[in-house]
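Structure record follows, encoded as structure tokens.
The values are calculated or read from the model by the stated rules, or taken from the named source; none is laboratory data. Note that the structure is predicted; figures quoted are calculated from it, not measured. Note: ideal-geometry Cβ built from the backbone for every residue, glycine included; neighbour counts use all protein chains shown. Ligands, DNA and RNA are stripped out before the accessible areas are found, and what is left, the full protein with its side chains, is counted by its heavy atoms. Shrake-Rupley method; radii C 1.70, N 1.55, O 1.52, S 1.80 Å.
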Amino acid sequence: MSTLVLIELNSDQVSANTRAAVTAAKLLSNKVDALILTNNSNYAKSVSSIDGIDTVKLITDDSLEHVSSEVASKLVSDVMDGYQYLVAGSSTFSKNILPRVGALLDVQPISDVCEIKSSNTFVRPLYAGNIMATVESIDPTIILTVRSTSFEHAPDGGSAPIEQLTVDIPKSNSSFVEIQESKSERPELTTAERIVSGGRGLGSKENFELIEKLADKLSAAVGASRAAVDAGFISNDYQVGQTGKVVAPKIYIAVGISGAIQHLAGMKDSQVIVAINNDPDAPMCRMADLVWQVDLFEAIDDMLKH
Amino acid sequence: MKIIIPIKRVLDPFTQARIDKQTQSVDLTNSKMAMNPFCEIAVEEALKIQESGHATETIAVSIGADKTIDTLRNALAMGVDRAIFVRTETELNLQPLTLGKILSAIIKKEGADLVIMGKQAVDNDNNQTGQMLSGLLDYSIGTFISKFKLSEDNNSVEVCREIDTGIETRNLKLPAIVTVDLRLNEPRYASLPNIMKARSKPLETVELSSLDIDTSPRVKVLGVEESGSKDRAAKQINSANELFEELKQLGAM
Ligand SMILES: Cc1cc2nc3c(=O)[nH]c(=O)nc-3n(C[C@H](O)[C@H](O)[C@H](O)COP(=O)(O)OP(=O)(O)OC[C@H]3O[C@@H](n4cnc5c(N)ncnc54)[C@H](O)[C@@H]3O)c2cc1C
């Protein structure tokens, strides 16, 4: 039994959710290989040093820098021959590719796995995480994406051999135009130990900068509700929730966020939740550890002065 | 150009899901149901394309038991031209692979070049059906889109995709499938006259059993459980000082 992990790289860095995928893969089988699709073969080094990987399979081509779902799914499904599992961390990268691999291999993939019960039985969330379902796959090949917050992140410590695969890169009917990446010096949202998250209550983009200031003071990452992103206070990649990112930091400070089920879906497993809100009936206040019923601007001011 | 919009009827997204312990499934009897919010956005986008003169016909498709007709009527009332109802005998909770096979049969028959659908349904939260359908049809795929712009010659489309690291712009040759994210548009409400008009729009019923597709689930649900949330103290605090002290006491700082 062997497992292939599809690696997600952020330039030369292995993504945190990929490290979670490696941990999950090791629970499933003794042999875990990694597959990298990249334009730069140097990136394979950071993957080969992840603890627990047997062989790194590398496909390199200039066109793979911003690979399409169409091309990636074809390449992955061709490499899958002989593997029983395909695993990746839950992210927009894997969700773009793995379902299409499933279609090509006639397999029903399982998204957002939170727990592995046995070789074919898994727990995954439904209804914005309000329901957890235990599901059993009867497919001969099993395809999973796993939640980064549910599995340890495999550390460095390995030195797996790197095997270059020579394959034909299929033609794509879609092409890359550009990417607007949001760059930040702050801790990454999905792995941060502390998050300060702002909602509609902030009122404007200018006011939202207070959230950033507070985050810097606390060495925290910045998060946001959908309403804050929709209103243009901050870009989409900061959204926490059912349709945004799922986080589980030590401290989650929700400032001016009401706590709709879709938002709670993304942060309810945080260790300590702090609600800063002037409405004591907001759902966020009912599910927080610490509740500060106050005008949020007053609270931020007090914290920044502290 | 024909546009197909697959849509799904789901539990109203602002209603708490409850389980039926006996059947080990989500209890939907007497629940408030609605069109999946992402599907509403897909319908809206199709209508905008049609209004801009780029589409000849918009067709909503939904798969399910008889009640699914309500959701299709809703799409007709929003403005789509006609609807295809793929009828199942009972509520089957079909999985994306099967849905993909059913939709692909319908799309091949209709000969549609553009499929617009939600990126996920808020019940099962799979985020798979569009991608799988694209694989089955070998169409281009643009997932999680927040902008959509058709080329003048109707041969390709430029989309912006909301991804974890920012926003990616891609160009897709038609035929293509796009899965929509929440920020693409604001779906319209159906006006009363349009709700009345929708009653006379064409709605074709196709029996699932007539399509000769294996619908047996590859992934079996063994059980469900309400996840509930951790019991938390909701302790009142009144100053930054108190907050940081409490965080220290809780071992979080
Ligand atoms: C399909 C679907 C998917 C969704 N996905 C997500 C998702 O991934 N993430 C997400 O966040 N949402 C999501 N939503 C939206 C969600 O339902 C809520 O609309 C959203 O989370 C609300 O954001 P908010 O709490 O910032 O705004 P509001 O609900 O408007 O809350 C603002 C809060 O700020 C407080 N406030 C205002 N002014 C002050 C002040 N001066 N001082 C103190 N407190 C103040 C108010 O009391 C209120 O509690 C989704 C919705 C749908 C339908």
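Observations
- Chains A and B together bury roughly 7100 Å² of accessible area, counting both sides, with a 1.4 Å probe on protein heavy atoms only.
- Rounded to whole Å, sorted largest first: equivalent-ellipsoid semi-axes of the range A:229-306, Cα gyration tensor: 20, 15, 13
- Largest to smallest accessible area among A:Thr166, B:Thr215 [probe 1.4 Å]: A:Thr166, B:Thr215
- Residues of chain B were split at every exposed loop site, defined as trypsin sites (Lys or Arg not before Pro) in a DSSP loop with at most 12 other C-beta atoms within 10 angstrom, and the longest piece left, sites excluded, is B:68-198.
- Within chain B, the longest segment free of exposed loop sites, counting GluC sites (Glu not before Pro) that fall outside DSSP classes H, G, I, E and B and have at most 12 other Cβ atoms within 10 Å, spans B:153-253.
- Taking label points 7 Å from Cα along the Cα-to-Cβ direction, A:Glu185 and A:Asp61 give a separation of 4.0 nm.
- In range of the label at B:Thr56: residues from the range B:122-164 whose backbone nitrogen is under 18 Å from the point 7 Å along Cα→Cβ: B:151-156
- Percent carbon-and-sulfur accessible area, chain A, ignoring ligands, DNA and RNA, probe 1.4 Å: 44
- Taking one quarter of the surface of the convex hull spanned by the alpha-carbon atoms of chain A gives a direction-averaged projected area of 16.3 nm².
- Where labels lie 7 Å past Cα in the beta-carbon direction, separation of A:Asp279 and B:Lys230 in nm: 2.5
- Mean accessible surface per residue for the protein assembly as shown, computed with a 1.4 Å probe while every protein chain stays in place, in Å²: 41
- In chain B, helical runs assigned H by DSSP with n ≥ 4 each contribute -39500 (n - 2.57); averaged across all residues and rounded to the nearest 500, the mean residue ellipticity at 222 nm is -8000 deg cm²/dmol.
- Close Lys pairs in the range A:2-164, defined as Cα atoms under 15 Å apart and 8 or more places apart or on different chains, number 4.
- As a ratio to 2.2 N^0.38 Å, the alpha-carbon radius of gyration computed for chain B takes the value 1.17.
- Over chain A: helical MRE at 222 nm, DSSP H runs n ≥ 4 each giving -39500 (n - 2.57), nearest 500: -7000 deg cm²/dmol
- By the rule of a C-alpha distance below 17 Å, with chain neighbours fewer than 8 residues away ignored, the lysines paired with B:Lys21 are B:Lys220.
- Aspartates and glutamates with Cα under 15 Å of A:Lys268, excluding same-chain neighbours fewer than 8 positions away: A:Glu193, A:Asp289, B:Glu226, B:Asp231
- Two-site label geometry, A:Arg286 and B:Lys173: point separation in nm, points 7 Å out along Cα→Cβ: 5.4
- Counting protein heavy atoms only, the range B:1-156 has 46 percent of its accessible area on carbon and sulfur, 1.4 angstrom probe.
- Counting all C-alpha pairs of the range A:112-250, share separated by more than 27 Å (%): 45
- Shielding by partners, peptide B:171-177 (average Cβ within 10 angstrom, other chains): 3
- Rounded to the nearest 10 Å², the accessible area of A:Lys217 at probe 1.4 Å: 80
- If you look at the Cα atoms of the protein assembly as shown, you get an Rg and a Dmax of 23.4, 70 Å.
- Among A:Ile251, A:Ile116, A:Ile138, the largest mean-square fluctuation in a Gaussian network model of chain A, built with springs joining Cα atoms closer than 10 Å, belongs to A:Ile138.
- Nonlocal amide H pairs with B:Thr143, under 5 Å, H built at 1.01 Å: B:Thr179
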